[in-house]
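This report refers to the structure that appears directly beneath it.
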Amino acid sequence: MDEEIEDSWEDRREDPGRPSWEIHAREAVKAAWEGAEFDDVRGTIGIIDSDEPRHKSNECKNLDELTEVLSSIYIREWYAYVPFENGEAVFDDYEAAYVESFLWQHTEAGEFFNSLHVEDSEEDLFQSDEVVEPSQSHVLRLDLTQINEELIRRLASQPELMRVLDPRKFEELVAELLRDKGYEVTLTPRSRDGGRDIIAIKREDIGSALTLVECKRYAGNNKVGVDVVRGLYGVVEVDRATKGLVATTSYFTKDAKVFRDKVPYRLGLADFDVLRGMLAQFRSNK
């Protein structure tokens, strides 16, 4: 068999049940990535879209833009092959989940963008100007360099301070709260955007369960929408994880809750009130 043809059916050999429209969409993303051009001077990753006039190169300045370009390529190929009925696609697409998983495996993208910027100081736990009014910019900055019991006790008494934690520190906080519940936790590289911020494993005598956690450090009035919840569920399906969990310092929209209710055993939502309860219970069983 010709090597090119053999490679084109790699996904089908790994999963014979994968439909052709997904295979074509995935192949298009892989082909676009193989032609990616890293420009250290401009600080961009160029993705050549063969369907664009004269094979136009999309210059991506960050992971969000790269994800958007690869997602559009996936969607276009997916719709070109998926069956339609009464003008609508018969199956749902999971481009967000696949592209997320793809970029997570190809860490060079995140590492490239990450190398262009000086990392924020690990001592800056709080970035109050992002989430509070200018008149409140004097919000207390805790002089700690890591999530520890002292900080958690402080947050238990003032849980609203979770909303001004540095996003990475919020992920570390959620990881520590899950560890307190008996999970083995791993934080994914901070160069990634969204999905799988934390990998949590619960080991029991009857087996182990894998939970993928996405953290959203939002202001109280900025609710997490259904797109985030649906996207994480797609990642759970792609990775064949046991469950997904979205943890936020805010709350969830009605649509997000409705989607969760359709798959209650595969998806969990931890809002501000749930996290506040976990802070209050921290080390209570020790």
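The values are calculated or read from the model by the stated rules, or taken from the named source; none is laboratory data. Because the structure is predicted, anything quoted here is derived from the model rather than measured. Here the Cβ positions follow ideal geometry from the backbone for every residue, glycine too, while neighbour counts run over all protein chains shown. Quick note on the areas: whole protein, heavy atoms, side chains included, nothing else; ligands and nucleic acids left out. Shrake-Rupley method; radii C 1.70, N 1.55, O 1.52, S 1.80 Å.
Using heavy-atom solvent-accessible surface (probe 1.4 Å) with all chains present, what is the largest-first order of 203, 154, 217?
Working: 203 135, 154 85, 217 30 Å².
The most accessible residue leads, giving 203, 154, 217.
Under a point-charge model restricted to the Cβ atoms of Lys and Arg (+1) and Asp and Glu (-1), what is the dipole moment magnitude of the range 170-242 relative to its Cα centre, in debye to the nearest 20? Write down the numbers at each step before the final one.
On the way: 12 positive and 13 negative charges, 36 e Å.
For the range 170-242, the charge dipole is close to 180 debye.
Packing-wise, with mean Cβ within 10 Å as the measure, how do 236-249, 36-49 rank, highest first?
236-249, 36-49
Under a plain spin-label model, where a point goes 7 Å from the Cα along Cα-to-Cβ, how far apart in nm are residue 209 and residue 237?
Simple spin-label model gives 2.1 nm for this pair.
Would you kindly give the portion of the calculated P(r) for the range 155-279 that falls above 23 Å, as a percent of all Cα pairs? List each step's numbers first, then the result.
Values: 1996 of 7750 pairs.
Counting every Cα pair in the range 155-279, those more than 23 Å apart make up 26 percent.
Nearest 0.05, what FRET efficiency do residue 59 and residue 254 give at R0 = 51 Å with Cβ-Cβ as r? All intermediate terms of the calculation are to be shown ahead of the outcome.
Details: r = 38 Å, r/R0 = 0.75.
Step by step, r from the Cβ atoms, then E = 0.85.
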